[in-house]
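Step one of this worksheet: look at the structure below.
Quick note: the coordinates plus some simple rules give every number you see, no bench work behind them. No experiment lies behind these values; they were computed from the predicted model shown. All Cβ positions, glycine included, derive from the backbone under ideal geometry; neighbour counts span all protein chains shown.
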Amino acid sequence: MTALEAGTIAGAGLDVVEGDEADLQALCRMDSVVMTPHLAGNTFEAEQARNELVADILDDFFSGRPVANKIL
């Protein structure tokens, strides 16, 4: 927050924020800060990809194939 207030950095995009209430309120009031709830990755496409991954893993498992440790 100090770097934002001093102008050392021009702005920040924040997804997960931790701190005391006064700091969070100050960040919310800054024009150079964009904050999103921690669900920014919950798009239709991301959900579809997760569903397809789970379906592929279940298909491997129930077909007797090795189940790979797959991640998105």
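Distant-in-sequence amide contacts of Met35, defined by a placed amide H-H separation under 5 Å and a gap of 5 or more residues or a different chain, comprise Leu14.
Once the C-beta distance of Leu39 and Ala10 is scaled by a Förster radius of 22 Å, the resulting FRET efficiency is 0.30 to the nearest 0.05. Taking Cα atoms only, the orientation of helix 44-62 departs from the longest principal axis of the chain by about 30 degrees. Restricting the chain to GluC sites (Glu not before Pro) that sit in a DSSP loop and have at most 15 other Cβ atoms within 10 Å of their own Cβ leaves Glu18. Only one of the values (i) 25, 64, 11, 0; (ii) 16, 30, 17, 18, 13, 5; (iii) 19, 43, 30, 7, 0 was calculated from this structure for P(r) over Cα pairs in 10 Å bins from 0, in percent; name its label. Computed from these coordinates, P(r) over Cα pairs in 10 Å bins from 0, in percent corresponds to label (ii). In percent, rounded to a whole number, the relative contact order of the chain is 24, using alpha-carbon pairs under 8 Å and six or more apart. The string of couplings for segment 13-25 from the Karplus curve (6.51, -1.76, 1.60, θ = phi - 60°) is x, 10, 10, 10, 10, 10, x, 7, 4, 5, 5, 5, 5 Hz, one whole number per residue in order, with x for Gly and Pro.
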